[in-house]
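Q: Have a look at the structure that comes next, please.
The values are calculated or read from the model by the stated rules, or taken from the named source; none is laboratory data. Model, not experiment: these values are computed from the prediction. Ideal geometry is used to build each Cβ from the backbone, glycine not excepted, and the neighbour counts take in all protein chains shown. Surface areas here come from the heavy atoms of the whole protein model, side chains and all, with no ligands, DNA or RNA. Shrake-Rupley method; radii C 1.70, N 1.55, O 1.52, S 1.80 Å.
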Amino acid sequence: MRTDRRQLLLGAGATLALSALPARAAPAADADALIARIAETFLTDYPETATTLGVDKDGRAPLKHRLTDRSIKGQRRIAEHLRGALADIAKLDLKVLDPAMRTHIDVVQASYGNALEGFAFGYGDVAVGGWRNSPYVVVQNVGAFLDTPRMLDSDHQIATPEDGEAYLDRLESYAEQLDGETERLKIAAAKGVTAPDFLLDKCLKQIRLARGGNPAGWDVVTSVANRTAGMEGDFGERAWLLAKDKVGPALDRQIKELERHRARANANPGVWKFKDGDAYYAWALRAGTTTTMTPEEVHQMGLDQLKAIQAEMDTILKAEGYSQGSVGARMTALGKDPRFTFPDNDEGRAQIVALLNDRIADIRKRMPDAFHTLVKGNVEVKRLPLAEEPGAPGAYGGPGTIDGSVPGRLWINLRSTGIWTKYSLPDLAYHESIPGHVWQGEYTFKMPLIRSLLQFNAYSEGWALYAEQLADELGVYAASPAGKLGYLQSLGFRACRLVVDTGLHAKRWTREQAIRWFVEANGSTEDEVQGEVDRYCSWPGQACGYKVGQSEINRLRERAKGALGERYDFKAFNDAVVLGGNVPMTVLGHIVDRYVAERKG
C-alpha cells in the first residue's frame, strides 16, 4: 500500500514538473513568468533544494517526498530541461528588459550553459547552479551516501505524520539514488574515468562506515524515529525495514563497484590522465572562476599574490618575535605554540565551537558599519556528521530557509582539533557565516526564486574571502596581531590553492609534491593540507574561485573609487555587490557600473 501511495506522490511530482516547464506559446516578453516556471522546473529536478530553502510546502508539498534522480536517465532529463529553458529565453526580446530582469536572465543563461557543457563530457557530477563539479560520480566528498543522510537529518523538517511519510518516501528513494550512481560509475569506468587510488581508499572507508553496524542504529533510522516519537505510524520500524532491505543492499552494490574501480586505479591525481582531461579541466576552471583565465595564468597569479601576502606577514611575525626562517616555517612554529592550540578531545571541540560563536556575535554588531541594507544573519555552528569528516574539507557554510525556520549553518570538521588554531578560527567564522556565505545568501531571498537557486563559485567564494577582508577593515584584529596573521594566512592559503589546483591538473604534480609545496609555502599543517589537496583532486577548478573572485571584487571597488572620488561610499559599494545577487564575474562588472552611474546622478 505504501508503494502505491508513493507512486501517486511521484506522479504528482511529475505533473508539477510538466506544468512548470515553460509554455511554448507564452508571450516572449513575459520574462517574469518564464523565470518563475524555470525555477519550478529546477525544484522538480532537485527537490532537496526546495527543502533546504523551506519552500517544500503548499503547492510544492509533493517535492518533500522526492529526491533528485541520480540515474543516467535522470541526468539526461535534467539536461533536456536546461536546453528547453535556454530555448525559451532565446525567444525573449532582451532589449526591452529592465536591468534587474536582464541580470536574472544572464544568470540563468550562464548557469545552464555552463552545466550543459559539463553534461556533454558524459561522466562525473555536474553542479547546476552550484559549485561542486567533479569528474567522479562517487568519491570521498561526492555522492548520495554523504549528501542524502545529512539532508534528511538536518534539513527535512518533521512536524506532522505526513512529514514522516515524506521522510520514508525519501529513504526509499535514497536506495534508488545509490543504484543510479552505481550505474553511472560503471559508465565512467568504461570511459577510463577512475578516481585516484588514495581517494578511493578514503571513500571506501567512509561508505563502509556508513554501511556498518545494525541498520536500526543508522542515523537515517534514528533521525526519523526520534523526531516522530509519540506519532502514530511506526516510522522508526518502517525506516529500519527500508534501511535493512533497500538501502543496505544498494550500499553493498555501490561498494562492490567502487572496489572494482580501486582494483584498476593508480595514484595519478590530476584529470590530465583522462582522454579528454585537458578539455575537462579547461571547463572546470571556467566554471570555477567564471573567467577565461588559462591554467598558467591562474598558477602565476597564485605565486604573485602569495609573495605579496607573505611580505605583510613577515612584518607582523618579526614584531611577534618570529624572525628566523621562511614565512611558512615561522607560521608552522606559531601553529605549534600552546597558546594557540586546543586539546584533542571533546573539551577542545567544545572550545572551538564556543570561539566560533563568540566571533559571530561580535561581527554581527559591526555590520551596520559595512552595509546600509542589513539582513538577519540567521546562523548556527554545527559539527559535521562523523561519517563525512574523513573526506570533507575543514568547514563550509550557507544560508538557511527563506522563512527563517531553519538557520544557516557553519559546518565545522572536528575529526581532529589539530586542524585548527585559535588565531585561524575567527577568520573562518567571517568567511562561512557573517558577513560571508550565510549573510550574502540571505540577500537573494528577496529576489525571484531562481536567484536563490543558482550560484556561481567565483562570486560565492570571492565574496566570502572579501568578507574576511571586510572583518579586517572593520577592526576585528586591532588588538590581535596573531588573529591578523590568521587572516593573512587564510589569504595566502587561497593563493596557494591557485598554484596547487593548476599544479595537479595542468602541470602533472603528484599528490606528495602538492602537499609538500603547500606545507612549506604557507606553514599549514600537513593534516589540514592533505585533506585540501585531496579536495582539489576531486573538485577540479573549484578552489580557484576564491582568490580570483575576491581579486575581481577589489578591482571593481578600486574602479568605483576612481570614478566616484568623494562620492564613493564604502557601505553603498558593499550593498551594490550583495544586492545584485550571486552572478558571474562579468555580470558583476555591469552591476558595479550601474551603481557608479547612479551615484554620479
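Q: Which of the residues that make up segment 243-264 are open to solvent by 20 Å² or more (accessible area, probe 1.4 Å) and touching a residue at least 24 places away in the same chain (Cβ under 8 Å)?
A: First, pick out the residues of segment 243-264 that are open to solvent by 20 Å² or more (accessible area, probe 1.4 Å): 244-246, 249, 252-253, 256, 259-260, 262-264.
Those that are open to solvent by 20 Å² or more (accessible area, probe 1.4 Å) and touching a residue at least 24 places away in the same chain (Cβ under 8 Å): 244, 246, 249, 252, 253, 259, 260, 262, 264.
Q: Step by step: first the residues of segment 63-77, then only those that are open to solvent by less than 30 Å² (accessible area, probe 1.4 Å) and of a type outside the set (Lys, Arg), then the one that is farthest from residue 445 (Cα to Cα). Which residue is that?
A: 71
Q: I'd like to check something: does segment 537-559 contain any residue that is more than 28 Å from residue 277 (Cα to Cα), open to solvent by 10 Å² or more (accessible area, probe 1.4 Å) and touching a Phe, Trp or Tyr at 6+ places or on another chain (Cβ under 9 Å)?
A: Yes, that holds for at least one residue.
Q: In the set 359, 366, which member is touching a Pro at 6+ places or on another chain (Cβ under 6 Å), within 29 Å of residue 549 (Cβ to Cβ) and not β-branched (Val, Ile, Thr)?
A: Just one listed residue meets the conditions, 359.
Q: So, residue 168, is that one among the hydrophobic types (A, V, I, L, M, F, W, C), in contact with an Asp or Glu (Cβ under 7 Å, 6 or more places away or on another chain) and closer than 22 Å to residue 70 by Cα or not? Let's see the steps before the verdict.
A: On the way: among the hydrophobic types (A, V, I, L, M, F, W, C): yes; in contact with an Asp or Glu (Cβ under 7 Å, 6 or more places away or on another chain): no; closer than 22 Å to residue 70 by Cα: yes.
The answer is no for residue 168.
Q: Check 476, 519 and return the single one that is open to solvent by 30 Å² or more (accessible area, probe 1.4 Å), over 23 Å from residue 289 (Cβ atoms) and over 21 Å from the mean Cα position of the chain (by Cα).
A: Result of the check over 476, 519: 519.
Q: Within segment 314-372, take every residue that is of a type in the set (Val, Ile, Thr) and within 32 Å of the chain's Cα centre (by Cα) and give me the one that is surrounded by the fewest Cβ atoms within 10 Å (Cβ to Cβ).
A: Of everything passing the filter in segment 314-372, 341 is surrounded by the fewest Cβ atoms within 10 Å (Cβ to Cβ).
Q: If you don't mind, another one. Within segment 304-319, can one find any residue that is part of a helix (DSSP H, G or I), of a type in the set (Gly, Ala, Ser) and closer than 30 Å to residue 197 by Cα?
A: Among the residues of segment 304-319, not one is part of a helix (DSSP H, G or I), of a type in the set (Gly, Ala, Ser) and closer than 30 Å to residue 197 by Cα, which makes the answer no.
Q: Tally time: how many residues in segment 558-581 are farther than 14 Å from residue 100 by Cβ and part of a loop (DSSP other than H, G, I, E, B)?
A: The number of residues fulfilling the criteria is 2.
Q: Limited to segment 368-386, what total is found for residues that are over 30 Å from residue 208 (Cβ atoms) and assigned to a loop (DSSP other than H, G, I, E, B)?
A: From segment 368-386, those over 30 Å from residue 208 (Cβ atoms) are 368-380; that's our starting set.
Remaining after also requiring assigned to a loop (DSSP other than H, G, I, E, B): 370-378.
Of the residues in segment 368-386, 9 are over 30 Å from residue 208 (Cβ atoms) and assigned to a loop (DSSP other than H, G, I, E, B).
Q: Can you tell me how many residues within segment 501-516 are within 24 Å of residue 291 (Cβ to Cβ) and surrounded by fewer than 20 Cβ atoms within 10 Å (Cβ to Cβ)?
A: 2
Q: May I pose another question? What number of residues within segment 90-117 are under 25 Å from residue 578 (Cβ atoms), in a helix (DSSP H, G or I) and open to solvent by less than 50 Å² (accessible area, probe 1.4 Å)?
A: The qualifying residues number 14.
Q: Check 527, 534 and return the single one that is within 23 Å of the chain's Cα centre (by Cα) and surrounded by fewer than 16 Cβ atoms within 10 Å (Cβ to Cβ). Give the derivation first.
A: Working: 534 fails: surrounded by fewer than 16 Cβ atoms within 10 Å (Cβ to Cβ).
The match here is 527.
Q: Also, I was wondering about something else. Just one of 34, 53, 43 is in contact with an Asp or Glu (Cβ under 7 Å, 6 or more places away or on another chain), at pLDDT 55 or above and surrounded by 21 or more Cβ atoms within 10 Å (Cβ to Cβ); which is it?
A: Checking each option against the conditions leaves just 34.
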